[in-house]
Every structure is written in structure tokens, then in C-alpha cells.
1. Quick one: plug the Kirkwood hydrodynamic radius of segment 1-55 (C-alpha pairs) into Stokes-Einstein at 20 °C, 1.002 mPa s, and report D in µm²/s.
2. At a 10 Å Cβ-Cβ cut-off, how would you order Phe43, Phe26, fewest neighbours first?
3. Any idea what angle helix 118-133 forms with the longest principal axis of the chain, computed on alpha-carbon atoms, 0 to 90 degrees, nearest 10?
4. Taking +1 at the Cβ of each Lys and Arg and -1 at the Cβ of each Asp and Glu, which of Phe117, Gly13, Thr216 sits farthest along the dipole of segment 8-242 towards its positive end, judged by Cα position relative to the Cα centre?
5. Any idea what % of Cα-Cα pairs in segment 8-242 are farther than 32 Å?
6. Can you tell me the 0 to 90 degree angle between the C-alpha axis of helix 154-174 and the longest principal axis of the chain, rounded to 10?
7. Arrange Ile138, Ile32 by Cβ neighbour counts within 10 Å, fewest through most, would you?
8. Can you tell me the mean projection area, over all orientations, of the convex hull of segment 1-124's alpha carbons? Units nm², please.
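Derivation of every value follows stated rules applied to the coordinates shown; laboratory data play no part. Fair warning: this is a prediction, and the values are worked out from it, not measured in the lab. Virtual Cβ from ideal backbone geometry, glycine too; neighbours counted across all protein chains shown.
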Amino acid sequence: MGLLDGKVCLVTGASRGIGAATVERFAQEGAIVYANARTPGDFDDLCAELSEKYNTTVKAVYFDVRDEAEAKKAVLRIRKETGRLDVLVNNAGIMKDALVGMISRDLMMEIYDTNVFGVMNMIQLASKVMMFQKRGSIINLSSIVGLEGNPGQLVYSATKGAVAAMTKTAAKELASQGIRVNAVAPGMIDTDMFRSIGEEKMKEHMANIRMGRLGTPEEVADVILFLASDLSRYTTGEIIGVNGSAMI
Ligand code: NAP
């Protein structure tokens, strides 16, 4: 028996990094996974490979989380095909750094659109389906910098702080409907996003991780799996750090 046997799960931003690792981990545990990406392409082949490897169904579902209409279509499609939605992982996110004096309105809008409004919209769409079932688990991706702040990341850290706040609020509001809402707050995880800060800054950050290494996407996926599964059935409104005791 897998931890997610037969559960219908939607993971946003699954083309790489933490999202891709989560899709594979969920498939390994028997979930029916809808893996979201923005650009139709090779992803269909990967989904077919994972379906065969883990003897389950992994399907690509293409939309941009900023596009409300397309996101709605995707959730309706999932409900039509399976009759339910058990787990939503709000993983899609972008990170762009700028010092306080250099932040433009466009930059604010761009990062908020994906990291905050996209997540809020997905929570609304998924919870409407989950309310009918009287159960469901929503997992959001916050960040250590959303809880502690970081120079050069005023906008990004604010969006991830917003994710933590909306996790707590949604958890309180949806608990009576049987819907749990939790978040993970990763530290420094070895993905394209973290590597985009450049070698020098990476070395600086790594010196501040007491466990002495970066985290892997799979290590974050394991905590997401815990929150998605019934192992965490009495846990809601929590923000779980996955950071190897990082100092920021
Ligand atoms: P990543 O490697 O940059 O991957 C980000 C994923 O999000 C990609 O699949 C990307 O798709 C997708 N995405 C971005 N904007 C999207 C949109 N508008 N609609 C749909 N998909 C979109 O990042 P990651 O490191 O795996 O991060 C995943 C999540 O963890 C993010 O929310 C991030 O903020 C959070 N996080 C990461 C770290 C870290 O150290 N890596 C730390 C704390 C929190 P494309 O391939 O189309 O761009």
C-alpha cells in the first residue's frame, strides 16, 4: 500500500525542481497525479514514463497559474475525469532579487501575480471541489526568507510571508470542511531557482547551513508527502521548515 494510493493530486510548477520531485514521490506512493507545467512539450513523455514506472496515472495539465480562466478549466477537467481532488500542492513560484531602492512596480506585480495571487486563486478553486468531499489537503510553498527576511529579497520574501499568512488563515477557515492547509518553508535547496543567485552568493549561503550542505528537492518532497498523506491527518495551519538548520 502506498501512502497516497488512489488519491487525486495536482502539483503546480512541476516541470523541474521541487515540483518535479514531488510528482515522482507522489506517483511512487500510488497517487493519480496531475502535473502542471506552462509549456506543452516533452512533459507528456515524462508523465507517460512515470505512469509506467510506478504503475499509476501521471498526466500533464498545462496552464499558467496567473491565468484564472485556464486554472479553473484545469481543475474542472480533473473533477470531470476523476470526480474529486484530494491534494493540491501550490509549488509554482518565481524569485527575482532587487535592493530596496531598485524595486519597480512591474517587479512587484510580476512576483505577486505568481507567488501570491496564483496561490490564492488555486486555493479557492481546489477548496470548492474539496468542500463537496468534506476532505482534502492543500500544501503551499513558503520559504525561510518569508519568515525571517533576507537582504535583496524584499518583494520575494514578502510574497512568501503572504503564503505563510494565507496558509494559517485558510486552515482556520476550512478546518470545519475537513480541508487541511499547511506549508513547507524550504531553506536553500539545490534547484535552478537557488542556483540562479550565482556561485559567490551560493558559497556564502552554504557556509550558513549547520548541516553543511544544500537540501535536495527530494527532501522537500518527502515533507510535502507527509502533509499530503493521512500521516498528518490532525495537522493543519502549520509551516514546516526544511532547511538543515540554516541561518539567514
Ligand atoms: P524552480 O526550479 O525555479 O522551478 C519553479 C517551477 O515553477 C518551474 O516548474 C516553473 O515552470 C514553475 N512556474 C513558475 N511560474 C509559473 C507560473 N506562472 N505558472 C505555472 N508554473 C510556473 O524552483 P524550485 O526551487 O523548485 O521552487 C519551487 C517552489 O519552492 C517555489 O515556490 C519557490 O519559491 C519555493 N522555494 C524554493 C527554495 C529553493 O531554495 N529552491 C527555497 C524556498 C522556497 P517553468 O519551467 O515553466 O518556468
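1. Numbers: Rh = 11.0 Å.
It comes out at roughly 194 µm²/s.
2. Working: Phe43 21, Phe26 31.
Lowest to highest Cβ neighbour count: Phe43, Phe26.
3. Once rounded, the angle reads 30 degrees.
4. Going by the charge dipole, the pick is Phe117.
5. On the way: 4322 of 27495 pairs.
For segment 8-242, the share of Cα pairs beyond 32 Å comes to 16 percent.
6. 30
7. On the way: Ile138 28, Ile32 23.
Least to most surrounded, the residues fall as Ile32, Ile138.
8. Numbers: hull surface 32.8 nm².
Projected area, direction-averaged: 8.2 nm².
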